[in-house]
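A short write-up of the structure that comes next.
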Amino acid sequence: MILLRDIRDYIATLGIAVDNNCYCGKMDSKPKKAIGIYNLKDSRKAVVPIGGLENKSYGTKSISLLVHWSNSPTDTETAAIKLYQELQKTEQVEVNGHLIKFIEMLQEEPIPVDTDENGVFEYVIECLFYYERNGE
């Protein structure tokens with residue numbers, strides 16, 4: 001099973017935000033030019049193939065990414081689009097022993113969510129990571 005920390009580690013390799021500004025589960029200090037990686041709370045139906053779980057070759061992980069960037073709406077949108085495009089291109093990437101097959105984007109583009117209490121603009125990207133199961 002792929003963990004949220006594995007997704008965080010992959011996002012950090014994309015070079016959009018520096019490694020220390022990629023957060024897993026909670027963004028404590030909320031620095032500018034940061035990306036938060038969260039489990040997406042959705043109601044996806046569990047899929048069990050005919051013959052049972054031992055015949056399931058892949059798993060999915062629903063993710064929500066918060067792009068917490070700057071006081072410039074244009075710079076923030078640009079960073080969010082860059083991350084979105086990098087995720088769209090992801091295929092057959094190994095992270096911490098897990099093979100990410102591809103990423104399904106759940107919206108056509110990053111979603112603007114206005115600013116935080118300090119006027120920092122934010123965007124959300126929702127996606128579904130498909131990964132190869134390792135005999136789980």
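The values are calculated or read from the model by the stated rules, or taken from the named source; none is laboratory data. Worth saying up front: this structure is predicted, and the values here are computed from it rather than measured. Heads up, the Cβs are rebuilt from the backbone with ideal geometry, glycines too, and the neighbour counts pull from every protein chain shown. These accessible areas exclude ligands, DNA and RNA; they are computed on the full protein's heavy atoms, side chains included. Shrake-Rupley method; radii C 1.70, N 1.55, O 1.52, S 1.80 Å.
The accessible surface of the chain, taken with every protein chain in place and a 1.4 Å probe, is 49 percent carbon and sulfur. For residue 102, the residues whose amide H sits under 5 Å from its own are 92, 130, ignoring neighbours fewer than 5 places away on the same chain, with H placed 1.01 Å from N.
Note on residue 75 and residue 44: the model spin-label points, each 7 Å out from Cα along the C-beta direction, lie 3.4 nm apart.
Cα centroids of the range 38-53 and the range 77-136: 19 Å apart.
Proximity of backbone amide H atoms, modeled 1.01 Å from N, is registered between residue 70 and 33, 76, 121 at under 5 Å, excluding neighbours fewer than 5 places apart on the same chain.
Between 0 and 90 degrees, the angle of helix 73-89 with respect to the longest Cα principal axis of the chain falls at about 20 degrees.
Charge dipole of the range 1-94 (Cα centre as origin; +1 on each Lys and Arg Cβ, -1 on each Asp and Glu Cβ, all else neutral): 320 debye, rounded to the nearest 20. Its Cα centre serving as origin, the range 9-62 has a Cβ charge dipole (Lys and Arg +1, Asp and Glu -1) of approximately 260 debye. Computed with a 1.4 Å probe over protein heavy atoms only, the accessible surface of the chain comes to 56 Å² per residue.
Helix 4-13 axis versus longest C-alpha principal axis of the chain: approximately 60°, rounded to the nearest ten.
In the chain, the DSSP beta bridges split such that about 90 percent are antiparallel, to the nearest 5. Going by a ≥ b ≥ c, the root eigenvalues of the Cα gyration tensor, does the range 79-136 fall in the rounded group (a/c under 1.5), the prolate group (a/b larger than b/c) or the oblate group? Taking the square roots of the gyration eigenvalues as a ≥ b ≥ c, the range 79-136 is prolate. From helices alone, the chain scores -6500 deg cm²/dmol at 222 nm; the rule is -39500 (n - 2.57) for each run of n ≥ 4 DSSP H residues, then divide by the residue total. Its Kirkwood hydrodynamic radius, worked out from the mean inverse distance over all distinct Cα pairs, puts the chain at 15.5 Å. Charges were assigned to the Cβ only: +1 to each Lys and Arg, -1 to each Asp and Glu. The resulting dipole of the range 33-136 about its Cα centre is roughly 460 debye.
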